[in-house]
Amino acid sequence: MNIVVCIKQVPDTTNVRIDPNTNTLIREGVESVINPFDMYAIEEAVRTKEKTGGKVIVISMGPPQVETALREALSLGCDEAILLSDRAFAGSDTWATSYTLAMAIKKIKDFNVIFCGKQASDGDTAQVGPGISAHLDIPQVTYVKKIEKIDEKSAIVYRMTEEGYDVIETPLPVVLTVVKEINTPRIPSLKGKMTAKKAQILAWKAQDLNVNDKFIGLNGSPTQVVKIFTPSPRSGGEIFQGETDEVVVKLIDRIKDELKPKF
Amino acid sequence: MDYLLTEQQIMIRDLARQIAQEKIAPVAAHHDETGEFPWGIMKIIAESDLFGVFIEEKYGGTGGGVMDLVLATEEFSKACGGIAVCYAATALGAFPIILYGSEEQKKKYLPDIAKGKKLAAFGLTEAGAGSDAGAIATTAKKSGDHYILNGTKQWITNGGEAEVYTVVAITDKTKGSRGASAFIVEKGTPGFEFGKKENKMGIRASATRELVFNDCKIPKENLIAKEGYGFIVAMKTFDQSRPGIGAQAVGIAQGALDHAIKYAKERVQFEKPISSFQGVQFMLADMSTQVEAARALVYATARMVDAGIKDISRASAQAKLFASDMCMKVTTDAVQIFGGYGYMKEYPVEKYMRDAKITQIYEGTNQIQRGVIASNLIKESLKK
């Protein structure tokens, strides 16, 4: 089985510092890491390979330094790595990113399942995985927390919902975006790291993919960022104190009061 | 300080650090409290290939030496000295085979040790033979194609948990220390049993048990080197392993220091963090300087061993002595910086102080180390 996993390199936000003047992330000196949710996608891709055989191809789009993220993925058990790096890709929003990734996956041709993390820790959009499935015109299951069964033709997976989970059977190929409940990512092995260090990483540019120039990079990105701001904190609510019976009555009165039309 | 590590050594250090921070630190207090053997962590270390860092590639390792072992041991020790010793004791048990084992013995035992499938242990100490290792009473009597072992080894790290034991026993009482020989004994051999698990002051995650031999019959192929080589095997093994104890001491001390720095920045007294007081600052500065000096000595010794320099007994003893005395002092000072909180089990530093003490005692007490250093100094002066 051929398994594709898409990853993103993001700033390490575990020790994040905020500039008190601008309220923005201080990026200087912040290390780049694999998006934490993608670590679960890598682990699940490798576990699936270990069960079904085949290989795992890891893909990432970004500047050349994304190579370190791809090497880390190789050290964790991925077999091949593809870097999509080109000035023409710069400024891509989730639409252009998922289009470009989908075109790269098309070039791979032979694929059965595509894993993504549920979202990236920097943008938090959760759109790229579903975007890939739309561009490839194949099914998707998001928020996957368990793979019950998978073979070359179909898969039965658990999709986490707020109330519980759905059990979904889907034909393959399929895009699965995973949540952290799905597994515990492994620690890389020393031999894996040594192999990953020497491994060849395929570098594909726009001209290597059969892309329409209008759909990639900044020009291919319909998203307009109008303004970025920190929402003002909610003003503290009211606290009712006293015996439960009395407090409940007070609370209900207060809510009724609030709901009255104000003229 | 930059110790100019090779790329592979940096990978080993970083990997061991990741395991220490993500996997060992969260469970260190649990294993200290319960004494439960850390099999979960041993499995993670095995899967990461770190059990093989000091074993040749042809036997399934990654071809490094004592320096690689030292780096991993130090990182694990920063999080837990007890869990780290389970790892380091396997190396101690494997060194007799690496140094003096036959090709067949190496092929049979090293690949499983390198993969972490089997832990190893080394058995020399007995109730009546501690510093006076020559007083061991365990015997190995040759009988046809076998040796028959009788006697009891005491305080053996990884005892009961390890699969492969290298054990020193007397084959010829008339020859004194030249009458000892080293053997490989596998767990499960009839006549080989374990005593109760010891209840220790520190390194409580590690298992310490008696090895009891009762007419234990082992094939003659399990003799390491030749009859009469037992003490040479043991002494050369300790020359290799003492930098590892030094590394354990450096790691424990560094771990305690890291906690002390973090706490000194957070703890407010007289409306200021205590790290702003010169009294505390000077303590931290001295602790850090001592840790760094010990680390430099341990690394230099490990590199001497790996370079194949013959006379390493003095350097090896000095690294173990200095690092372990330093570790006791630095961990005691870390408790002092934490004040009353440091004395409480809810805080991590008292464990470091308890774990530190053993490094001054095992693999040769620090008094024995001073003896080794002095006798080498005198020997060296005679050559001049």
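Listing for the model above:
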| quantity | calculated |
| --- | --- |
| Which numbered condition A:THR177 misses (of (1) touching a strand residue (DSSP E or B) at 6+ places or on another chain (Cβ under 6 Å); (2) free of Cβ contacts under 8 Å to residues at least 12 places away in the same chain; (3) not hydrophobic (A, V, I, L, M, F, W, C)) | (2) |
| Condition met for A:PRO233 (assigned to a loop (DSSP other than H, G, I, E, B), within 14 Å of another protein chain (Cβ to nearest Cβ) and of a type outside the set (S, T, N, Q)) | no |
| A:ILE57 vs. criteria β-branched (Val, Ile, Thr), crowded, with 20+ Cβ neighbours inside 10 Å and in a helix (DSSP H, G or I) | no |
| Which numbered condition A:GLN224 fails, given (1) more than 30 Å from A:LEU70 (Cα to Cα); (2) without any contact (Cβ under 8 Å) to a residue 12 or more places away in the chain; (3) in a loop (DSSP other than H, G, I, E, B) | (1) |
| Verdict on A:ASP208 being more than 17 Å from A:TYR40 (Cα to Cα), more than 14 Å from chain B (Cβ to nearest Cβ) and surrounded by 13 or more Cβ atoms within 10 Å (Cβ to Cβ) | yes |
| Subset of the stretch B:338-357 (residues that are part of a loop (DSSP other than H, G, I, E, B) and touching a Phe, Trp or Tyr at 6+ places or on another chain (Cβ under 6 Å)) | B:TYR347 |
| Close pairs from the stretch B:35-59: first in the same structural domain as B:GLU74 (by TED's automatic domain parsing) and on the phi > 0 side of the Ramachandran plot, partner surrounded by fewer than 18 Cβ atoms within 10 Å (Cβ to Cβ) and part of a loop (DSSP other than H, G, I, E, B), Cβ under 9 Å, at least 6 apart | B:GLY35/B:LYS197; B:GLY35/B:ASN199; B:ASP49/B:LYS115 |
| Number of the condition not met by B:ALA16 [criteria: (1) under 20 Å from the mean Cα position of the chain (by Cα); (2) more than 14 Å from chain A (Cβ to nearest Cβ); (3) assigned to a helix (DSSP H, G or I)] | (2) |
| Residue list for the stretch B:1-13, filter: without any contact (Cβ under 8 Å) to a residue 40 or more places away in the chain and away from every other protein chain (no Cβ under 13 Å) | B:ASP2, B:LEU4 |
| Single residue of B:SER181, B:SER177 found to be assigned by TED's automatic domain parsing to the domain that holds B:ASP132, among the polar types (S, T, N, Q) and assigned to a strand (DSSP E or B) | B:SER181 |
| Those residues of the stretch B:27-76 which are more than 12 Å from every other protein chain (Cβ to nearest Cβ), closer than 24 Å to B:ASP258 by Cβ, among the hydrophobic types (A, V, I, L, M, F, W, C) and crowded, with 22+ Cβ neighbours inside 10 Å, in sequence order | B:ALA28, B:MET67, B:LEU69, B:VAL70, B:PHE76 |
| Selection status of A:VAL167, modelled with pLDDT of 95 or more, under 18 Å from A:VAL128 (Cα atoms) and away from chain B (no Cβ under 14 Å) | no |
| Matching entry among B:LEU382, B:LEU321 (being aliphatic (A, V, I, L, M), part of a helix (DSSP H, G or I) and at pLDDT below 95) | B:LEU382 |
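The values are calculated or read from the model by the stated rules, or taken from the named source; none is laboratory data. Being a predicted model, the structure only gives us computed values, none of them experimental. Glycine also receives a Cβ, built like all others from the backbone with ideal geometry; neighbour counts cover every protein chain displayed.
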